[in-house]
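Written out below as structure tokens is the structure these notes cover.
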Amino acid sequence: MTNGLRKAGILVVMLLLLNGLSSWGFLVHKTVQQLAIYQLPAPMVPFFYGYADQLIYESVRPDIRRNSDSTEAPKHFIDLEDFGKDALHHMPMNWDAAVKQYGKDSLLKYGYVPYQVVFLQKKLTEAFRMKNKDSILFYASDIGHYIADAHVPLHTTSNFDGQLTGQKGLHSLWETMVPEIEINSYQLHTSHQAQYLKDPAAAIWKAVRQSHALLPDLLAKEKEVSLQFTDAEKYRIQVRKGKEYKNYTSAFAKAYGAVLKPTVNQQLLLSAELTADFWYTSWQDAGKPDLATISNFSDAKKAAYQQEYLLFQQNELLKQNKLQAKKVEPQGR
Ligand SMILES: [Zn+2]
């Protein structure tokens, strides 16, 4: 890594820290994108594996965009309770109908992640139709990000940080601290193969409902684990620029992760499966264009893919240092 790159990396991390509430950490967003690639049918592999590095690296771009683009934030979540009782089951799946019912201002305020996913699916389909390499990569990595966000239960509620139930800090505890501590024990294989989505809007809404349904348990378990901790053991207080920040300790995250099992792992896998489905559906809707002329699939890459695919099937990616998000580079490079 060059010095410049390292500095850029540090800057990105700092921006994300400043950003506070974002979404799955780098680790999960990158992993979701990588796992989705192995679920694609053969004709899509040369393109998606060929540009895997880019797809994985850019999986976190929408979170970085939040720092400079004020319209970005509501694309990552939906505070369902703010749309009225039972909104989860009654909200129209169509954006125009939702605007008519709630007003655009409400959607921009309380979030609209499922609509964003459908919006991007259309863009991705169009990019495939045009066989535009850069646009395909752009929309494919973006849609994977928002699909993953929709699988975080705390992205579907107005109690997004546990702030309404005296559990402030829960957001990053669940989506960042726990997976970072536990990923070594995760199942990072699924036998799922990308499926065509007849109704993409219904598919992302189903994911939002499934995700939202996990909330009561996730909140209750935090209370349950708290009984075993004193405040001093549970929280880490930091003072930055005269302001006090209270975060959960690693010890608490570890205990919380242990009782949550296997929810976080499951949401990670579901994110990857649905991402593969959306990529595949867009490609199919575009008329299954031949991607050979815009792919980047040398013999060496082909061999690497075959090796990784086997490791994926055996849940060995992490152990064999092939999980991009956790990859340890050899010394001296
Ligand atoms: Zn996000």
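With respect to the conditions (1) more than 16 Å from the ligand (Cβ to nearest atom); (2) open to solvent by less than 40 Å² (accessible area, probe 1.4 Å); (3) modelled with pLDDT under 95; (4) β-branched (Val, Ile, Thr), Thr2 lacks only one, and its number is (2). Within segment 115-130, restricting attention to residues that are charged (D, E, K, R) and touching a residue at least 12 places away in the same chain (Cβ under 8 Å), which residue is nearest to Asp79 (Cα to Cα)? Ranking the candidates gives Lys123 first. For Lys75, the criteria (1) over 19 Å from the mean Cα position of the chain (by Cα); (2) in contact (Cβ under 8 Å) with a residue 60 or more places away in the chain; (3) closer than 24 Å to Ala213 by Cβ hold in every case but one, which is (1). Of the residues in segment 128-142, not one is part of a helix (DSSP H, G or I), at pLDDT 95 or above, within 13 Å of the ligand (Cβ to nearest atom) and in contact with a His (Cβ under 9 Å, 6 or more places away or on another chain). So, of the residues in segment 266-285 that are among the hydrophobic types (A, V, I, L, M, F, W, C) and open to solvent by 10 Å² or more (accessible area, probe 1.4 Å), which turns out to be farthest from the chain's Cα centre (by Cα)? The extreme case among them is Trp283.
Here is a check on your reading of the model: is Val118 in contact with a helix residue (DSSP H, G or I) (Cβ under 9 Å, 6 or more places away or on another chain), aliphatic (A, V, I, L, M) and within 16 Å of the ligand (Cβ to nearest atom)? So Val118 does not fit the description; no. Select, from Lys100, Lys123, the only residue that is in a helix (DSSP H, G or I) and out of contact with any helix residue (DSSP H, G or I) (no Cβ under 8 Å at 6 or more places or on another chain). Only one candidate qualifies: Lys100. For segment 51-92, the helices (runs of 4 or more DSSP H) that sit wholly inside it and include 2 or more residues that are away from the ligand (no atom under 16 Å from the Cβ) and farther than 14 Å from Ser141 by Cα are 87-90.
Residue count for segment 290-327 under the criterion of being under 14 Å from Lys30 (Cβ atoms) and touching a residue at least 24 places away in the same chain (Cβ under 8 Å): the result is 6.
Restricting segment 222-231 to residues that are in contact with a Ser or Thr (Cβ under 9 Å, 6 or more places away or on another chain) and open to solvent by less than 90 Å² (accessible area, probe 1.4 Å), the residue that is farthest from Leu164 (Cα to Cα) is Phe229. For segment 93-114, a residue qualifies if it is within 16 Å of the ligand (Cβ to nearest atom) and touching a residue at least 60 places away in the same chain (Cβ under 8 Å), and the qualifying residues are Val113, Pro114.
Please verify whether segment 153-165 includes one or more residues that are at negative phi, open to solvent by 10 Å² or more (accessible area, probe 1.4 Å), touching a residue at least 40 places away in the same chain (Cβ under 8 Å) and assigned to a helix (DSSP H, G or I). Within segment 153-165 (the criterion being at negative phi, open to solvent by 10 Å² or more (accessible area, probe 1.4 Å), touching a residue at least 40 places away in the same chain (Cβ under 8 Å) and assigned to a helix (DSSP H, G or I)), the answer is no, since none of the residues qualifies.
Those helices (runs of 4 or more DSSP H) of segment 205-301 in which at least 3 residues are in contact with a strand residue (DSSP E or B) (Cβ under 9 Å, 6 or more places away or on another chain), considering only elements entirely within it, cover 250-260.
Candidates are the residues of segment 170-188 that are of a type in the set (Asp, Glu) and under 15 Å from the mean Cα position of the chain (by Cα); the one that is surrounded by the fewest Cβ atoms within 10 Å (Cβ to Cβ) is Glu180.
Residues in segment 302-333 that are in a helix (DSSP H, G or I) and more than 13 Å from Asn184 (Cβ to Cβ): 13 in all.
The values are calculated or read from the model by the stated rules, or taken from the named source; none is laboratory data. Since the structure is predicted, the reported quantities are computational estimates derived from the model, not experimental observations. Here the Cβ is made from the backbone with ideal geometry for all residues, glycine too, and neighbour counts use every protein chain on show. The area values use the complete protein model at the heavy-atom level, side chains included, leaving out ligands, DNA and RNA. Shrake-Rupley method; radii C 1.70, N 1.55, O 1.52, S 1.80 Å.
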